[in-house]
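Worksheet for the structure shown next.
No lab work stands behind these numbers, since they all come straight from the coordinates. Every value quoted in this text rests on a predicted model; they were computed, and no experiment measured them. Counting neighbours? That spans all protein chains shown, and the Cβs are built from the backbone with ideal geometry, glycine included.
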Amino acid sequence: MSDDALRFPHAPTFSLPVQTGVDARLAAKGRRRGGEGTLAAARLFTLLLGLAAIAWGAATFPTFWRQSTLERTAVHIVERDAFKPEALAPLLPAVAQAEESAWCRPAAVRAAALVRLRLAEDAMAAGERDVLDDRLAALDGAIRGSLACAPADPFLWMVFAWLDGARNGFDPRQIEALRLSYRLGANEGWVAARRNRYALSMFARLPPDLADAAVAEFARMVDSWIYGESIAEFVGPGWPVRDRLLTSLSGVGQLQREAFAKALYAQGLDVAVPGVAPRDPRPWY
């Protein structure tokens with residue numbers, strides 16, 4: 001068979017389009033425009049996001065500033081710092097805002113409750129009966145709101161027990177609130193300094209486990225050199241059970257026991273602190 005017979009007389013031919021220089025420039029220009037459009041959209045989105053952040057900050061900054069002031073004040077309240085009678089009044093709008101917020105911010109609502117507590121304590125100390133009931137009611141609402149937001153607060157459970165007793169008389173629910181306080185924060189010194197006084201004041205009503213907890217807490221306070229409160233509680237609500245409190249000091253450090261005994265002697269009290277030699281009788285005591 002000849003070579004001519006193997007040829008296709010009408011074989012189709014294919015050709016790729018050849019991109020001219022003009023076409024290439026137009027394509028590149030289109031690609032640049034597409035990239036520029038994407039970049040512009042990204043820049044616009046970033047700008048809008050930044051403006052939204054600025055607007056959100058401008059709207060919320062006053063709130064955060066007021067609440068930060070409230071929280072700083074709460075720290076001073078916990079530390080038992082003194083305030084002038086009118087010093088806390090400007091914080092009441094921030095207190096109300098924290099209490100009425102739809103968002104649960106534990107630090108803010110707790111600070112609000114602490115401010116309410118100090119206001120109620122000040123009214124009690126000053127004998128301001130005309131405002132005391134309202135302040136106690138406001139404190140009750142603040143504590144309930146704070147515990148609903150953050151229920152693991154040993155201090156506020158203790159305050160809840162104390163407040164409920166002050167307003168309504170004794171009720172077994174106060175025992176349960178006190179038990180929660182010990183369970184959630186048995187070794188927190190700043191809580192113990194106030195909780196122990198309350199526990200000793202109702203010692204006769206305490207079940208054995210809480211009575212033991214109160215006595216052990218007193219011993220820990222002495223061992224931690226918390227003398228102002230431990231002396232006041234020993235000679236105050238703890239005096240009827242002083243023998244049991246003194247016995248609990250057997251496991252306290254020797255230096256702490258000696259300092260405790262010396263503080264009691266300074267108040268004219270001759271008590272037998274375990275492991276401490278009694279003082280010599282001197283005519284000027």
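Summary of computed values
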item	result
HN-Hα J in Hz across the range 108-122 - Karplus 6.51, -1.76, 1.60, θ = phi - 60°, x for Gly and Pro	5, 5, 5, 4, 4, 5, 5, 5, 4, 4, 5, 4, 5, 5, 5
Karplus (6.51, -1.76, 1.60) ³J(HN,Hα), θ = phi - 60°, over the range 80-94, in Hz, Gly and Pro reported as x	6, 5, 7, 10, 5, x, 8, 5, 8, 4, x, 7, 4, x, 5
Using θ = phi - 60° and Karplus 6.51 cos²θ - 1.76 cosθ + 1.60, couplings along the range 213-218 (whole Hz; Gly, Pro as x)	5, 5, 5, 4, 5, 4
Sequence ranges 158-165, 219-226, ranked by mean other-Cβ count within 10 angstrom, highest first	158-165, 219-226
Scattering curve values for the range 63-151, log₁₀ I(q)/I(0), Debye with Cα scatterers, q = 0.15, 0.17, 0.19, 0.24 Å⁻¹	-0.50, -0.65, -0.81, -1.25
Estimated FRET transfer efficiency (residue 128, residue 277; beta-carbon r; R0 45 Å; 0.05)	0.40
Calculated FRET efficiency for the pair residue 76/residue 262, C-beta based, R₀ 22 Å, to 0.05	0.10
Using distinct alpha-carbon pairs, which all enter the 1/r mean, Kirkwood radius of the range 188-275 in Å	12.7 Å
The range 119-198: relative contact order as a whole-number percent, Cα under 8 Å and 6+ apart	25 percent
